[in-house]
Amino acid sequence: MSAPTMDRREFLSVTAVAGAGLTLGVRTLAPTFQRSPFPVPTDFAPNAFVRVGTDGVVTIVVGYSEMGQGILTSLPMLVAEELEVDPATVKIEQAPADPAYNNPSFGMQGTGGSTTVSAAFDPMRQAGAAAREMLAAAAATSLGVPRESLTIANGVVTHAASSRRMTYGELANAAAQIPVPHHVALKPASEWKVIGKRTRRLDAPSKVMGRATFGIDVKLPGMLTAVVARCPVFGGKVKSFTATAARAVPGVRQVVEIPSGVAVLADGYWAAKKGREALRIEWDEGANASLSSASLRARWAELAKQPGVVARHEGDSAAALASAARRIDAVYETPFLAHATMEPMNCTAHVQAASCEVWAPTQAQTMAKATAARASGLPDAAIQIHTTMLGGGFGRRFEQDFLSEAVTLSKMAHVPVKVVFSREDDIQHDCYRPATYNVLAAGLDASGNLTTCTYRSVSPSVQAHMFPLQNGLDDNAIEGALGEYAIPNVQVEWVRDEPGVPIGFWRSVGNSHTAFVKESFIDEIAAATHTDPLALRRRLLANSPRLLGVLNLAAERAGWDSPLPAGRFRGIAAHKSFNSYVAEVAEVSVGADGTPTVHRVCCAVDIGRVVNPLTVEAQVQGSIVYGLSAALRGAITLDRGRVQQENF
């Protein structure tokens with residue numbers, strides 16, 4: 001869908017507030033935008049991204065969720081670059097749930113898909129540049145000099161010829177009267193002083209000092225804490241329950257049934273937990289009571305024999321396989337994975353007769369507002385979402401189960417309610433990364449060259465539980481399959497099966513399994529043809545210079561051809577995901593009991609322009625640890641319809 005057109009005056013709006021200075025609002029270019037006059041606020045507007053007070057304080061409002069990835073630093077850096085202020089001096093505010101903050105990458109307010117910095121890069125810079133020029137215009141008028149004679153640095157406008165200077169605070173009210181400039185020149189990259197500079201996290205001090213508010217920190221007068229007993233079998237329901245012993249636990253105030261199970265509401269978490277332990281519940285386990293990892297594997301092995309929806313078709317893979325001098329076949333399975341966010345899943349809600357407030361560590365404000373409206377029965381205008389800090393997201397906090405429970409319980413209890421998941425709740429009642437079953441075949445010619453590859457994947461649809469599929473295909477299920485490799489004949493198919501396990505978006509989504517499958521198969525081809533895995537990849541990536549570039553860099557820095565200590569081995573992989581090109585070399589050993597030890601990982605990335613190198617380094621390091629954790633220890637297995645794991 002192409003973005004609707006709008007002129008600069010619709011994109012930027014300015015208002016003067018008595019004694020408040022300059023407030024600059026930015027409308028994001030979301031695909032769902034409808035042409036209408038941008039409302040002129042009479043006070044600080046929640047859709048304003050930049051505010052300059054008469055005290056000189058610059059406030060930047062961020063419409064995305066900070067979950068450890070550093071956007072409360074990188075996005076203010078974008079504004080600060082154009083506004084000519086030190087990012088360390090700005091004040092940062094979290095935006096409310098409002099369409100003005102829609103992520104233009106997917107047309108709603110939400111944080112995911114590695115889109116935040118790229119989506120905000122131009123709008124946030126434009127906001128800063130427009131504010132800068134309005135302040136400069138106000139100074140030019142006040143000083144009676146041409147704009148071109150003024151320089152700006154660190155929030156001060158200077159006329160060098162007369163040695164006169166004015167601060168942003170002194171100019172704020174006058175600048176608010178200046179018309180919005182239609183064309184604002186953004187600084188060329190050669191003049192950047194902030195973007196690309198290693199910048200310490202602006203949110204770190206508040207976190208270190210305990211001032212930052214995460215969802216788990218929210219406390220309201222009269223608030224009760226709730227834990228929910230959920231059926232251990234996916235899709236199961238409460239048949240009956242006895243709450244006498246639970247109600248007798250000191251601090252327990254209410255025990256109620258809700259769609260997801262039986263909730264115990266108490267003065268605090270411990271009382272609620274002990275009350276839940278005292279419940280006696282008989283469950284109707286439903287149709288999934290016999291589901292197991294083994295039965296699911298057998299079912300998918302049969303489904304993999306059937307044709308699927310074609311996701312990629314190049315050449316004639318069937319004919320190429322039939323005429324191949326050699327054929328290589330492989331099957332790869334990937335398990336369900338839990339998100340395991342560091343901060344336990346939680347949400348606080350306060351539903352009153354005409355309003356509903358929600359305090360949530362959420363990645364999806366638009367969806368959160370809609371969920372709260374449905375659960376409370378109140379109109380959208382009555383819903384207010386307060387986005388707290390997120391102690392990790394990874395896609396889990398895009399889901400709505402924890403928020404729906406909090407709103408439902410507050411409405412029933414007539415008091416504020418905080419729902420808290422234990423770690424066991426979190427692991428056993430997650431929305432999991434889909435498991436997959438993948439069948440691949442490769443054809444080689446007489447010289448050992450790869451001429452064809454087929455890839456058929458069986459899995460549930462992570463996309464379908466939130467968004468409609470196009471032509472029956474979930475792009476997320478097969479994104480990255482066979483990647484950038486130049487193979488003459490390719491066929492990628494997807495077979496959908498829904499076993500009843502709740503699933504959701506997990507960090508890197510489909511790439512989290514397609515990269516493993518693709519790169520493992522390339523290694524098998526290399527082994528079968530006695531080819532160096534690096535050399536094979538280099539040949540196959542001749543048409544992908546960026547991926548080839550990181551592959552070569554990782555190999556060089558890892559010392560690919562250098563000798564290793566006895567018992568150690570190297571493996572290499574390369575993949576493109578969300579417009580990032582990544583290659584890694586892992587140095588490992590395997591113990592006598594078969595347990596692998598990872599001694600070193602060398603990673604090279606090409607993500608294009610970098611706002612904050614420190615954030616990129618942290619994210620790459622974190623992703624390596626997260627990936628290793630998932631690969632070595634994270635598998636979720638099923639038996640009798642139940643998740644067998646319950647903690648780290």
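General observations
- Residues with amide H under 5 Å from that of residue 355, placed H, sequence gap 5 or more: none
- Point-to-point label distance, residue 640-residue 208, nm (Cα→Cβ direction, 7 Å offset): 5.0
- Here the stretch 61-112 and the stretch 612-643 have alpha carbon centers that stand 26 Å from each other.
- Rolling a 1.4 Å probe across the protein heavy atoms gives the stretch 532-578 an accessible surface of 52 Å² per residue.
- Using θ = phi - 60° in the Karplus curve 6.51 cos²θ - 1.76 cosθ + 1.60, the 3J(HN,Hα) couplings for the stretch 86-103 round to 7, x, 5, 9, 7, 9, 10, 10, 8, 6, x, 6, 7, x, 4, 9, 4, 6 Hz; x is entered for Gly and Pro.
- Karplus (6.51, -1.76, 1.60) ³J(HN,Hα), θ = phi - 60°, over the stretch 431-447, in Hz, Gly and Pro reported as x: 10, 7, 4, x, 6, 9, 10, 10, 10, 10, 9, 10, x, 10, 7, 5, 8
- Distant-in-sequence amide contacts of residue 224, defined by a placed amide H-H separation under 5 Å and a gap of 5 or more residues or a different chain, comprise 417, 418.
- Among the GluC sites (Glu not before Pro) in the stretch 302-402, none is located in a DSSP loop while being surrounded by at most 16 other Cβ atoms within 10 Å of its own Cβ.
- Carbon/sulfur fraction of accessible area - the chain, other protein chains in place, 1.4 Å, %: 54
- Interchain or long-range residues, amide H under 5 Å from residue 21's placed H: 54
- Surface per residue (accessible, 1.4 Å probe) for the stretch 285-359, Å²: 49
- From phi via Karplus (6.51, -1.76, 1.60), per-residue ³J(HN,Hα) for the stretch 512-520 in Hz, x at Gly/Pro: 5, 10, 5, 5, 4, 5, 4, 6, 5
- Residues of the stretch 584-642: accessible area per residue with a 1.4 Å probe, Å²: 55
The values are calculated or read from the model by the stated rules, or taken from the named source; none is laboratory data. These figures come from a predicted structure and were not determined experimentally. Because the Cβ atoms are built from the backbone with ideal geometry, glycine has one as well, and the counts that use them run over all protein chains shown. Side chains are part of the model used for accessible areas, which takes the heavy atoms of the whole protein and leaves out ligands, DNA and RNA. Shrake-Rupley method; radii C 1.70, N 1.55, O 1.52, S 1.80 Å.
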